[in-house]
Amino acid sequence: MDITVQELKQRMDAGENLHLLDVRNPDEYEADNIGAKLIPLGDLPDRLDEIEDWKDEEVLVHCRSGKRSAMAQQILEQNGFTHVRNVTGGMLAWNEMQA
């Protein structure tokens with residue numbers, strides 16, 4: 001099940017401890033990020049051990065528009081992550097909401 005940027009912001013504003021994963025490229029992350037752990041999509045299969053602790057917890061994945069995070073969601077689910085949610089619209093929707 002996906003999560004909207006509005007719901008994500010509400011939960012962040014409430015101080016929830018979220019497992020937030022950014023699968024964009026480092027240059028995109030440097031330009032604009034919301035405090036997520038950065039693992040670019042292409043590196044994800046080789047770096048799953050870095051987020052092994054999140055396997056049975058909710059993981060929120062985002063990218064620029066939602067396409068790469070949808071692919072990341074599949075990779076995570078295929079590797080035993082049980083509760084992965086795609087942030088719909090990604091950073092584009094986030095920035096639009098903040099405008």
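The values are calculated or read from the model by the stated rules, or taken from the named source; none is laboratory data. These numbers come from a predicted model, not from an experiment. Methodologically, a virtual Cβ is constructed for each residue, glycine included, from the backbone with ideal geometry; neighbour enumeration extends over all protein chains shown. Quick note on the areas: whole protein, heavy atoms, side chains included, nothing else; ligands and nucleic acids left out. Shrake-Rupley method; radii C 1.70, N 1.55, O 1.52, S 1.80 Å.
Observations
- Contact map, region 26-43: residues that are in contact (Cβ under 8 Å) with a residue 24 or more places away in the chain and under 12 Å from Trp94 (Cβ atoms) paired with residues that are among the aromatic types (Phe, Trp, Tyr) and crowded, with 16+ Cβ neighbours inside 10 Å, Cβ distance under 8 Å, separation 6+ or inter-chain. Pairs shown: Ile34/Trp94.
- Those helices (runs of 4 or more DSSP H) of the chain in which 1 or more residues are at pLDDT 95 or above, open to solvent by 40 Å² or more (accessible area, probe 1.4 Å) and among the hydroxyl-bearing types (Ser, Thr, Tyr) occupy 26-31.
- Condition met for His62 (touching a residue at least 24 places away in the same chain (Cβ under 8 Å) and touching a helix residue (DSSP H, G or I) at 6+ places or on another chain (Cβ under 8 Å)): yes
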